[in-house]
1. Quickly run through segment A:1-37 and pick out the residues that are at pLDDT 80 or above, small (Gly, Ala, Ser) and open to solvent by less than 10 Å² (accessible area, probe 1.4 Å).
2. With respect to C:Glu388, determine if the residue is under 22 Å from C:Ile430 (Cα atoms), among the acidic types (Asp, Glu) and open to solvent by 20 Å² or more (accessible area, probe 1.4 Å).
3. Condition first: without any contact (Cβ under 8 Å) to a residue 60 or more places away in the chain and farther than 30 Å from C:Ile613 by Cβ. Now tell me which residues in segment C:416-442 satisfy that.
4. Quick test for you: out of B:Leu82, B:Leu123, pick the one residue that is open to solvent by less than 40 Å² (accessible area, probe 1.4 Å), within 10 Å of chain C (Cβ to nearest Cβ) and under 22 Å from B:Ser153 (Cβ atoms).
5. If you go through segment C:529-539 one residue at a time, do you hit one that is at pLDDT 85 or above, polar (S, T, N, Q), within 37 Å of the chain's Cα centre (by Cα) and surrounded by fewer than 18 Cβ atoms within 10 Å (Cβ to Cβ)?
6. What is the residue count in segment B:91-149 for residues that are outside any strand (DSSP E or B) and hydroxyl-bearing (Ser, Thr, Tyr)?
7. Filter segment C:208-237 for residues that are touching a Ser or Thr at 6+ places or on another chain (Cβ under 8 Å) and at pLDDT below 85; which is nearest to A:Ile48 (Cα to Cα)?
8. Pairs, please: C-beta under 6 Å, at least 6 apart or cross-chain, first residue in the same structural domain as C:Gly524 (by TED's automatic domain parsing) and in segment C:454-469, second among the basic types (Lys, Arg) and open to solvent by 90 Å² or more (accessible area, probe 1.4 Å)?
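The values are calculated or read from the model by the stated rules, or taken from the named source; none is laboratory data. From a predicted model like this one, the values you see are computed outputs, not experimental measurements. Backbone-built Cβ (ideal geometry, glycine too); neighbour counts: all protein chains shown. We work out accessible area using only protein heavy atoms, side chains counted, and drop any ligands, DNA or RNA first. Shrake-Rupley method; radii C 1.70, N 1.55, O 1.52, S 1.80 Å.
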Amino acid sequence: MRAMIGAALEELGEKVEIDEAESGFAALRLLPRRSYDLIVTDINMPDINGLELVSFVKRDRRYERTPLVIVSTEGSERDRDKGLALGANAYLVKPFAAAELRRLVLDLLPDARPARS
Amino acid sequence: MTVGSPPRWERLARAAAAAREGREETPLVRELLRVEVGGAPYALPIERVREIVRLRPLTPVPRVPPLVLGVISLRGQIVQVLDLRQALGEAHATPGRRARIVVLHGEGGEVAGLLVDAVRDVLRVPEADLREPPGDPAPCVTALCSKDGRFLSLLDPDQVLELAAR
Amino acid sequence: MASRSRKTARDKLQREFVSEAEEILERMRDDLSALAEAGAGKGEPPPETVNRLFRSAHSLKGLSGMFGHAALSELAHHLEDVLDRLRLGRTTLGRDGLGLLDESVSLAAAGLEKVGRGEVADALAERIADLVGRIAGWDAPARASGELASVELPESLLRALTEYEESRLRDNLRHRRGLAVIEVELELASLEESLSELGRAIGEVGELISTLPSPGAASESRIRFTLLAASPLAAPELAARLELEPGAVRSAHAAPGAAHGRETPARSAEPAEVDTVTLKSLSETVRVDIRKLDELMNLVGDLAQERAALRALAVRLAAERATSRAATELEKISRGLDRKLQELQAGVLDVRMVPLRQVFDKLARVVRRLRLDLGKDVRLELQGAETELDKLIVEQLVDPLMHLVRNAFDHAIEPAAERARLGKPAEGVIRIEASQRGNDVAISVRDDGRGIDPEQVRARAIAAGLVAEDAGLSRKEAFGLLFQPGFSTRSEVTATSGRGVGLDVVRANVSALGGLIDVESIAGAGTCVTLTLPITLAIVQALLVGVGSQRFAIPLGGIRETLLVSPNEIERSAGRELLNLRGEALPVRRLAEEFALGASDPTQRQYAVVLGIGEAKLALLVDRLEGQQDAVIKPVSGPVASVRGVAGASELGDRSAVLVLDVSALVEDATRRREAA
């Protein structure tokens with residue numbers, strides 16, 4: 001999944017830099033290191049769940065303004081509602097087309113210089 | 001190098017979405033494992049590769065096609081090993097020091113190994129660079145691409161495995 | 001070309017969808033029965049069952065939606081809603097509710113069957129719409145909620161709980177445990193270890209329900225976490241146990257039983273019931289995840305390998321004088337280990353044994369459905385449900401037994417009018433009996449239907465070109481022909497039996513389990529199919545034999561005895577080799593020939609391994625006997641189908657693979673050929 005998202009975003013061109021984290025904890029470690037313009041996260045993660053990550057990001061002054069996209073399976077409405085209620089900006093349901101993701105990213109970032117976690 | 005296969009759920013989902021839209025699934029950049037057989041390079045889709053192991057004692061199995069060299073034990077799991085050389089029509093040769101067994105996932109989830117002369121690296125090839133093999137392609141070759149000034153045939157693991165089943 | 005492959009891809013997807021959906025519905029059916037038994041409407045339905053039902057409905061919804069079956073998805077969606085309300089305690093079920101759920105599952109199954117046949121489930125759309133309407137209009141009695149209202153949890157924590165965490169939370173509340181909110185600050189670099197350590201410590205005195213990262217850490221290299229834990233300990237005690245400052249642990253909900261506690265009046269009516277529920281769940285049985293059992297089995301198998309290596313080492317050390325005393329010690333220890341391991345093995349195998357009851361239940365359900373679908377009056381008699389077999393074997397038995405039952409129902413039992421004419425009771429009988437016979441279990445499927453006429457079989461065989469016109473066919477041989485692929489005494493394809501799943505498939509299944517299958521029948525009176533299966537597949541003791549440069553393993557269970565024979569002891573008669581064993585004539589097979597391994601030296605003496613299954617016996621000739629070995633027979637993975645005579649393979653101590661012989665196949669082949677001769 002990460003590879004697919006990475007590949008989709010790379011198509012946006014060389015102005016895109018992508019950082020990948022293989023778990024919620026890894027994301028927590030990456031966040032303070034760079035100033036990210038966009039975060040894309042899965043809901044189902046083995047350590048902290050995606051909702052907890054969203055909650056953390058949106059409550060932390062450093063990251064609360066960073067646009068955040070949640071990705072989950074089957075469009076389960078409960079998770080989506082919770083995620084959006086916690087402050088996520090957008091929601092993608094697997095399976096989604098790469099073009100969909102790209103359009104979303106361009107929408108959220110008028111100046112198309114996304115880095116992602 | 002170990003790469004897992006995507007969970008069944010995800011595969012079903014992608015395939016369903018693709019089927020709905022009436023197209024085959026097309027990831028944008030393919031990651032291919034480059035191997036050597038009989039002095040020539042070939043490619044295998046990385047998402048089918050479960051792991052790569054060194055040559056280990058092979059137990060021959062009676063009454064099987066010659067393509068099946070035998071079975072090995074992979075941490076307790078017993079796996080058939082096929083001779084990719086033979087599958088590609090090359091003459092049989094004693095495996096050298098660089099020979100490896102590439103362990104693949106079959107379509108139905110079964111696992112099988114392919115004996116190759118050497119494993120080189122993983123290539124990232126844009127989908128657009130994969131061309132139709134010219135003329136009358138050899139069995140199991142689904143596409144052709146070029147790298148480092150040479151042509152590489154991309155092999156379809158399922159077709160290779162099917163060669164053995166015949 | 002492209003469209004054809006797309007169509008086959010679509011068909012394949014369809015089949016995968018149908019099979020997954022069927023699994024889900026099967027689970028739901030089981031869970032609904034469990035709910036019905038638990039007396040829905042009185043007291044709480046078991047939470048794990050309801051949760052599972054909810055998840056099943058959810059999966060079904062997603063699955064159907066993704067494959068474009070809108071009506072099914074809609075139905076599942078409404079089911080999910082109801083189950084969600086039930087799960088969150090906002091409603092109770094009652095008999096009506098249960099009836100609605102039952103109906104929904106049946107309707108979904110009907111829809112699925114249509115899909116499986118290539119029709120569209122939407123043909124049932126009207127019925128589904130009607131049912132959906134009824135579910136939506138169902139006036140579910142609301143239940144006094146407020147469990148979560150009485151606890152003081154930080155909003156941020158509550159909002160980020162997954163459904164599983166929520167259910168754990170409620171469950172702990174129901175069991176009257178206190179809730180504590182714990183704030184800690186951890187180093188980012190060692191996050192996983194710290195949390196896992198903390199989780200472990202909490203686990204000793206309660207349950208860690210959720211972990212939420214929070215802003216506000218003192219430095220960039222640290223991060224705050226808010227943990228939600230349930231524990232009977234009061235907050236200060238908990239803090240002490242976890243070695244945290246008292247201020248780090250705050251009580252969100254005091255465990256009732258402490259003199260003060262804010263309980264809503266509704267709860268005080270529940271205590272007695274809750275306690276009994278708790279007590280019951282502490283009963284004698286434990287539910288085990290089959291994956292854990294498999295892991296245990298693997299572990300035991302690996303331990304057995306290590307034990308073998310240890311023994312080999314002891315032998316080597318004993319040979320050298322310098323270490324011989326230590327070697328004797330080692331030998332003694334290794335023998336003690338041996339005994340313990342065997343007990344462990346037996347214990348784990350025992351846990352894997354399950355009664356046939358679950359298969360019998362499924363068969364009973366199948367027959368009930370068939371009665372409705374086909375309108376035939378057939379009674380199913382079951383005996384020996386408590387007979388135990390290895391769980392893996394039992395799981396693999398479902399298919400072959402179902403085929404046999406379906407065949408009997410469909411083909412063997414005559415329609416009522418015919419039965420009346422023949423003077424048979426109107427109700428047909430299918431009787432399944434299971435019993436243990438030593439190391440084997442015998443399962444027989446008997447019916448009082450048409451029976452099989454050997455003459456008819458012969459005629460069909462001649463017509464199909466399987467047998468020459470003038471060839472004589474004994475009864476046994478005729479029945480044996482039934483197992484040929486594609487053979488069927490009825491040429492029609494019926495809806496219930498599909499393409500009349502041949503007995504060849506059933507035999508293949510049974511053979512894969514290391515068993516035998518046998519048919520006996522009297523034309524006009526009935527048929528009896530008997531399966532003989534080994535009790536367990538898992539770890540077997542095997543004899544290692546050598547032929548030429550190769551080694552093979554033969555499960556001891558199939559070996560009667562071994563003896564050294566010289567070439568002149570083998571007699572030849574009518575083109576066959578025989579061995580005279582105390583007056584009994586055994587067919588002889590050379591392993592080297594069976595597997596085309598090259599001829600052995602005809603002047604050398606060889607070992608004869610006498611194999612036996614039931615009454616049938618065979619003397620297998622090999623070059624060497626190489627000792628006993630524990631073997632875990634594993635299937636061989638790969639594109640080539642299994643070879644007849646090879647049951648699987650096992651890993652030896654030196655990490656190489658050795659092929660394990662299929663004794664029943666070898667014996668069967670030898671005795672069959674003998675009869676034909």
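1. Result: A:Gly24, A:Ala27.
2. yes
3. Scanning segment C:416-442 gives C:Ala416, C:Ala417, C:Glu418, C:Arg419, C:Ala420, C:Arg421, C:Gly423, C:Lys424, C:Pro425, C:Ala426, C:Glu427, C:Gly428.
4. Just one listed residue meets the conditions, B:Leu82.
5. Yes, some residue in segment C:529-539 is at pLDDT 85 or above, polar (S, T, N, Q), within 37 Å of the chain's Cα centre (by Cα) and surrounded by fewer than 18 Cβ atoms within 10 Å (Cβ to Cβ).
6. 1
7. Selected residue: C:Ala235.
8. Sorted first by the residue in segment C:454-469, then by its partner, the pairs are C:Pro454/C:Arg475.
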